[in-house]
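Input: one structure, supplied below.
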Amino acid sequence: MKNKTQYIIIKQSPCPKCNGTGVLQHPAWKIYWDQFGEDGCRRTSEEDRIWFSERGYREIPPEEQPCFTCNGVGIIRENINLRDALKEIDGSDLWNIVDAAYDNLEAS
Ligand SMILES: [Zn+2]
């Protein structure tokens, strides 16, 4: 690379872990709903407290927790090279123009 200057842009995309919601279902609640289905809605809070305590929870945990991949923001931010960014943008004539410009720069 002749010119060490790089142009970096910020890529913001929805978090793939939580689909951009910023929250994840607590794993114990996943098991709970898999086990009880709609019947879970008819259980008493005391039955729930016992069910969770049998699994090591002193209190019933919140059903949703902040996503650990995006820290609850719902968005992933990455620094990426301008060339790579343009390659990701489908059907961009702009990419062809920039690519040609880079080729000209490297050839000169
Ligand atoms: Zn997330």
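Could you list, ordered by first residue, the pairs with Cβ atoms under 7 Å in which the first is in segment 66-89 and free of Cβ contacts under 8 Å to residues at least 60 places away in the same chain and part of a loop (DSSP other than H, G, I, E, B) and the second is within 16 Å of the ligand (Cβ to nearest atom) and small (G, A, S), at least 6 apart or interchain?
C67/G22; C70/G22; G72/G22; V73/G22
In segment 1-20, how many residues are farther than 17 Å from A85 by Cα, within 16 Å of the ligand (Cβ to nearest atom) and not charged (D, E, K, R)?
Looking only at that region, the number is 5.
Right, here's the next one. Within segment 21-39, can you find the residues that are of a type in the set (S, T, Y) and away from the ligand (no atom under 16 Å from the Cβ)?
Y32
Listed residues K4, K17, K30; which is charged (D, E, K, R), in a loop (DSSP other than H, G, I, E, B) and loosely packed, with under 14 Cβ neighbours inside 10 Å?
Being charged (D, E, K, R), in a loop (DSSP other than H, G, I, E, B) and loosely packed, with under 14 Cβ neighbours inside 10 Å holds for just one of K4, K17, K30, which is K4.
Since every read-out is calculated from the coordinates, none of them should be taken as a lab result. Since this is a predicted model, take the numbers as computed values, not measurements. Cβ: placed from backbone, ideal geometry, glycine included. Neighbour counts: every protein chain shown.
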